[in-house]
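To start, the structure itself, in structure tokens.
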Amino acid sequence: MQPIANLTGLLTYTACRQSRYKGGLKGRRMATMVATLKDVAERAGVSRSAVSRAFTDGASVSAKMRKRVEKAASELGFSPNVLASSLTTGRTKLIGLVSNNFHNPIFLEVFDLFTRALQDQGLRPLLVNLTDETDPANSVRMLRQYSVDGVVVASSTLPPAFGKAFRDAGVPVVHAFGRVTSAPEVHVVGIDNIDAGRLAAQTLIARGYQQVAFMGGPEVATSTQDRLKGFLQELALHPQISVSQSFAKAYSFEAGREEMQALLRRDYAEAYFCGDDVLSIGALSAIQDRQLCVPDDIGIIGLNDMEIAGWHNINLTTIRQPIKEIVTSSIELITAMLREPARLPEARIFACQIVERGTLRPLPITAAA
């Protein structure tokens, strides 16, 4: 378990002011000095405590005084030391952004959205990799060492116990892409994975497939369990359709490819609902190696609608998870908790939708009409 080197908020921002010595052209030289709080106070004609208040959110200082201090700071090229400010305010503005699936390309999109949005709010993301972590208490201890103001658990595969551990330690927490329940114990933002599984089944049924299968990620992941549950619930209404299930070792390209290779050595189904897009793309690679055709020989539907799913050479039919909306809502909740730590937990659920591309057979004409 390691924090990634993205301590954007802990960097001490200092600027330099230049003093030009008098003299002729040959005699001129530049001396570089670091502007201090004292320098700003002297330039503005105020006390050092006034300068400190001017750069402290919520501190009592008049607009006239703040403008005067900011003008002096600008002239000197001064920026406040964030570490020193945190000692005064007790707030680091650091938000732990933790996940455990860094090999899945979807999280490049997720982290990009999270880090930019947090920075827009004046907060600083601390990325933490929990890929090999199984004990929530260890992650809590590590994040507390960095004095984070809050935590966003950004994972559909980390169990709810991680979010609860931060809550029990008194750290504001939001579980993005977490398991949504009617009575959440922490703030949860995401999709209803059971509904997503039902939607996948309905999509395959509408296209006339008679032999379908679920190929999920790790069986212990709650997202895998819920997507399979919804898939089977819907197919139970259609007993004439045969259904099977299998699980890959991870939500990764290689795991998806290996699992599909194993399936193709047996009697394979007409169509597969893969637990996410990266598994789907691994499955497509294995199918191509066997010189089978998608969608004529085998149909594939994924979940997420990650960017590469729409690439021309992949063209994956998938279920869109509204990632941007989930990230935005998660940040709204964590910033609200910083203002109101006792805020009661809530679940925010976003709807999914089918993105039609080219890895499933088309709808029958009568169904499409």
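Residues of the range 135-184 that are polar (S, T, N, Q) and within 27 Å of GLY122 (Cβ to Cβ): SER139, GLN145, SER147, SER155.
For the range 43-72, a residue qualifies if it is at pLDDT 80 or above and either among the β-branched types (Val, Ile, Thr) or open to solvent by less than 30 Å² (accessible area, probe 1.4 Å) (or both), and the qualifying residues are ALA44, VAL46, ALA50, VAL69, ALA72. A single member of THR317, THR328, THR359, THR366 is on the phi < 0 side of the Ramachandran plot, hydroxyl-bearing (Ser, Thr, Tyr) and modelled with pLDDT under 95, and it is THR366.
Within the range 113-139, the set of residues being more than 22 Å from ILE331 (Cβ to Cβ) and in a loop (DSSP other than H, G, I, E, B) comprises THR131, ASP132, GLU133, THR134, ASP135. The condition (being over 17 Å from PHE177 (Cα atoms) and surrounded by 13 or more Cβ atoms within 10 Å (Cβ to Cβ)) is satisfied by just one residue among LEU360, LEU303, LEU344, LEU333: LEU360. The residues of the range 172-209 that are touching a Lys or Arg at 6+ places or on another chain (Cβ under 6 Å) and basic (Lys, Arg) amount to a single one, ARG207.
For first residues located in the range 227-248 and on the phi < 0 side of the Ramachandran plot, partners that are of a type in the set (Lys, Arg) and lie 6+ apart or on another chain with Cβ distances below 8 Å form the pairs GLY230/ARG198; PHE231/ARG198; GLN233/ARG198; GLU234/ARG198.
Hey, among the residues in the range 111-146 that are in contact with a strand residue (DSSP E or B) (Cβ under 8 Å, 6 or more places away or on another chain) and over 18 Å from ALA176 (Cβ atoms), which one's least open to solvent (accessible area, probe 1.4 Å)? Per the stated criteria, the residue is MET142. Considering (1) within 22 Å of GLN261 (Cα to Cα); (2) surrounded by fewer than 18 Cβ atoms within 10 Å (Cβ to Cβ); (3) free of Cβ contacts under 8 Å to residues at least 40 places away in the same chain; (4) not hydroxyl-bearing (Ser, Thr, Tyr), the lone condition that ILE308 does not fulfil carries the number (3).
Applying the criterion of being closer than 28 Å to ASN129 by Cα and surrounded by 14 or more Cβ atoms within 10 Å (Cβ to Cβ) to the residues of the range 73-88, the residue that is modelled with the highest pLDDT is ASN81.
The values are calculated or read from the model by the stated rules, or taken from the named source; none is laboratory data. Values in this document were obtained by computation on a predicted structure and should not be read as measured data. All Cβ positions, glycine included, derive from the backbone under ideal geometry; neighbour counts span all protein chains shown. For the accessible areas, the whole protein counts, side chains as well, though only heavy atoms, and no ligand, DNA or RNA atoms are used. Shrake-Rupley method; radii C 1.70, N 1.55, O 1.52, S 1.80 Å.
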